[in-house]
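Take a look at the structure set out below.
What follows is calculated from the coordinates using simple rules that are stated; it is not laboratory data. What you see is a predicted model, and the numbers here were worked out from it, not measured in a lab. In this analysis, Cβ positions are derived from the backbone assuming ideal geometry, glycine residues included, and neighbour counts consider all displayed protein chains.
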Amino acid sequence: MANTILVGAQWGDEGKGKIIDVLTEEADVVVRSQGGNNAGHTVIVKGQKYVLHLVPSGVLRKGVKNVISNGVVVDPVSLVGEIEGLRKLGVKVDGSLFLSETAHLVLPYHRELDGAREMLKGKNKIGTTKRGIGPAYGDKAARVGLRVADLVNPERFEAKLKARVKENNEVLKALGAKPLSFKEIHAAYRKAGDYLKPFVTNTVVLLHQALQKGEAMLFEGAQGTFLDIDHGTYPFVTSSNTTAGGACTGSGVPPHRIDRVVGVLKAYTTRVGEGPLPTENAEISDMLHAMGREFGATTGRARRCGWFDAVATRHAQMVNGIDDLAITNVDGLDTTETIKVCIAYRDGKKRYDYLPTDVEVLARCEPVYAEFEGWLQPLDKIRSWDKMPAKAKAYLKAIAELTGARLSIVSVGPGREQTMFL
Ligand code: GDP
Ligand code: IMO
Ligand code: MG
């Protein structure tokens, strides 16, 4: 398998975890290169459900190296909890999980600030996961962040943490939030530091050596294209580059070593949190929620749902250079008689074929729809493209063509086996 970047081509939760797990069969290394535990990637193997937040989704296959590289923001206490949770389910990460020395830490004051700033924004809130992601990346950019290398150096950690807690407590007080105890944070995070120490390494060198040996790499994108800090619906975005370019800066693997970009899409659209979603539709939201689907893997929030938005996915193809598409959750449309697809936006007399950059314009845009006939039969037991109903094939081919990339993988259920390759 070629070195592959897998990105979400919508607003996150496209089914990246499931597709990573399927593709990992042929990968040697799986790399998380951005985001943090705001991600929730669901993998279902033999009926057992795993939700991964920081640990790469390659962890469920034996013999695969799993790397949390420099571009990720890591809450050490949360990572320990995740590793322990996996252990309880019989998944061992010792010897197969590697954590970058230069990954930045998410600390309790980041989470508190995230919550306090959201509160202050009131109705203009972003709807973050409140995991402290924005403040942690903010500290990184401001050059005051603590990194994994600090965490595993007790003296340095104590000194740096003390200074940061002091400053952030002043900010928290000014925002009307409660100050935090240095002692408590220090004790809990030092303990996590000792636990994580065996996993800590120079992941740039590790990845470089893997490249030299010709090992196949799979980059597991978190979030999605329209949550990207540069290319998303700013300010209703996350704080990292979720698009393909982020995989290189976030890992130290050079761009010319990337062979392929896979975009993961749902057969419809979902978004969790605030911000414009042009094809949002109450009917499809209610239908999917009634089926027990589309509740967030990290926060449990109901996701907002809408029709497939080909303007957005076409834009995602352009920004990421998507070669291949993996379309998931096709079975979510099994009972829909007429399926709509947004092919352009209209704002008064102006037509848009790509996303307008101004969110206020985007929020006013009206979708222009094309209609497709539904297949009205369950797809979850279908295992080959040849057996797919003609109407489902026509729909999937049309949305791939509108997006401008090759249709390569089709998923009709959350399990590994419910996957077809074209
Ligand atoms: P991620 O963040 O992109 O990894 O996606 P999430 O795991 O947050 O959300 C995707 C949801 O869809 C999870 O509950 C998956 O188990 C589920 N899923 C993925 N592919 C399919 C599919 O083809 N059909 C169904 N029914 N569920 C799917
Ligand atoms: P995965 O990897 C869906 C959304 C939040 C909010 C915005 C900013 O599972 O696809 P943040 O906490 O990052 O500051 O929140 O981004 N968001 C996600 N939405 N899937 C995710 O990850 C997300 N991670 C963040 O809901 O709108
Ligand atoms: Mg998710």
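For K49, go through the aspartates and glutamates and keep the ones whose alpha-carbon is under 16 Å away, minus same-chain ones fewer than eight residues off.
By straight Cα distance, K49 reaches D13, D21, E82, E84, E294, E417.
Read phi for every residue in the range 135-146 and hand back ³J(HN,Hα) as whole Hz from Karplus 6.51 cos²θ - 1.76 cosθ + 1.60, θ = phi - 60°, with x for Gly and Pro.
Each residue of the range 135-146 in turn: x, 5, 5, x, 5, 4, 5, 7, 6, 10, x, 9 Hz.
Restricting to lysines 8 or more places apart or on different chains, can you count the pairs in the range 159-263 with Cα atoms under 23 Å from each other?
16
How far is helix 108-121 tilted off the main Cα axis of the chain, in degrees rounded to 10, range 0 to 90?
Here the helix axis deviates by roughly 50 degrees.
Of the options F182, S285, V272, report the single residue whose Cα projects farthest towards the positive end of the charge dipole of the chain (beta-carbon charges: Lys, Arg +1; Asp, Glu -1).
The Cα lying farthest towards the positive end belongs to F182.
Among the trypsin sites (Lys or Arg not before Pro) in the range 297-356, which ones are in a DSSP loop with at most 11 other Cβ atoms within 10 Å of the Cβ? Mind listing them?
Taking the range 297-356 and a limit of 11 other Cβ atoms within 10 Å, the loop trypsin sites (Lys or Arg not before Pro) found are K349.
Could you line up M420, M119 from fewest to most neighbouring Cβ atoms inside 10 Å?
Sorted ascending by nearby Cβ count, the order is M119, M420.
Just grab the label-to-label distance for K88 and R416, each label 7 Å out from Cα along the Cβ direction, in nm (one decimal).
About 2.3 nm separates the two model spin labels.
With a cap of 14 neighbouring Cβ atoms within 10 Å, and only residues DSSP puts in a loop, list the trypsin sites (Lys or Arg not before Pro) found in the range 1-92.
For trypsin sites (Lys or Arg not before Pro) across the range 1-92 that sit outside H, G, I, E and B with at most 14 neighbouring Cβ atoms in 10 Å, the list reads K46, K62, K92.
Through the Karplus equation 6.51 cos²θ - 1.76 cosθ + 1.60, θ set to phi - 60°, convert the phi angles of the range 153-163 into ³J(HN,Hα) values in whole Hz; use x for Gly and Pro.
10, x, 5, 5, 4, 4, 5, 5, 4, 4, 5
With angles folded into 0 to 90 degrees, how steeply does helix 390-403 sit against the dominant principal axis of the chain? Use alpha carbons for both and round to 10.
On a 0 to 90 degree scale, this one is about 60.
Can you give me the C-alpha center-to-center distance between the range 378-422 and the range 194-248, rounded to a whole angstrom?
The distance from the Cα centre of the range 378-422 to that of the range 194-248 comes to 28 Å.
Using only Cα atoms, figure out Rg for the range 13-109 and give it as a multiple of 2.2 N^0.38 Å.
Cα-based Rg divided by the globular estimate yields 1.00.
Quick query: amide H of N66 versus all other amide H atoms, modeled in the peptide plane; which residues come in under 5 Å with a sequence gap of 5 or more or a different chain?
Long-range HN contacts for N66: V30, L97, F98.
Have a look at M217, N202, V319 and report the one farthest towards the positive end of the charge dipole of the chain, computed about the Cα centre with Cβ charges (Lys/Arg +1, Asp/Glu -1).
So the residue furthest toward the plus end is N202.
Which cross-chain or sequence-distant (5 or more) residues have an amide H under 5 Å from the amide H of V91, H modelled 1.01 Å from N in plane?
Excluding prolines and chain starts, which carry no amide H, there are no hits.
Residue-wise, which Karplus ³J(HN,Hα) couplings in Hz belong to the range 233-243, taking 6.51 cos²θ - 1.76 cosθ + 1.60, θ = phi - 60°, and x for glycine or proline?
8, 3, x, 8, 9, 8, 10, 10, 7, 8, 7
Rg over Rh of the range 104-196, using C-alpha atoms and the Kirkwood radius, what does it come to?
Answer for the range 104-196: 0.98.
Decide, for the range 264-421, between rounded, prolate and oblate: order the square roots of the alpha carbon gyration tensor eigenvalues as a ≥ b ≥ c, take rounded if a/c falls under 1.5, and otherwise choose prolate if a/b is larger than b/c, else oblate.
It comes out prolate by the Cα gyration axes.
Find, among the chymotrypsin sites (Phe, Trp or Tyr not before Pro) in the range 311-379, those assigned to loop by DSSP (not H, G, I, E, B) with at most 14 other beta-carbon atoms within 10 angstrom.
Y354
Using modelled amide H (1.01 Å from N, peptide plane; none on Pro or chain starts), what sits under 5 Å from the amide H of N281, excluding residues fewer than 5 places away?
Excluding prolines and chain starts, which carry no amide H, the hits are C305, G306, W307.
What FRET efficiency comes out for K397 versus K121 if R0 is 41 angstrom and r is the Cβ-Cβ distance? Round to the nearest 0.05.
Efficiency, rounded to the nearest 0.05: 0.45.
Kirkwood hydrodynamic radius, computed over distinct alpha-carbon pairs, for the chain: how many Å, to one decimal?
In the chain this quantity evaluates to 22.0 Å.
Sort W385, W307, W11 so the one with the fewest other Cβ atoms within 10 Å of its own Cβ comes first.
Least crowded to most crowded, the residues run W385, W307, W11.
List residues of the range 367-404, by number, whose backbone nitrogen lies under 16 Å from a label position 7 Å along Cα→C-beta of R346.
367-371
For V368, put the label point 7 Å out on the Cα→Cβ axis and report which residues of the range 308-324 keep their amide N under 15 Å from it.
Residues passing the 15 Å test: 310-312.
Determine the percent antiparallel among the DSSP beta bridges restricted to the range 29-178, to the nearest 5.
Bridges in the range 29-178 are about 40 percent antiparallel.
Which one of I133, A116, V165 is farthest out on the positive end of the charge dipole of the range 104-196, using unit charges on Cβ (Lys, Arg +1; Asp, Glu -1) and the Cα centre as origin?
It is A116.
Which whole-angstrom value gives the distance between the alpha carbon centres of the range 122-174 and the range 12-49?
27
Find how many whole Å separate the alpha carbon centroid of the range 266-305 from the alpha carbon centroid of the range 321-362.
Between the Cα centre of the range 321-362 and that of the range 266-305, the gap is 14 Å.
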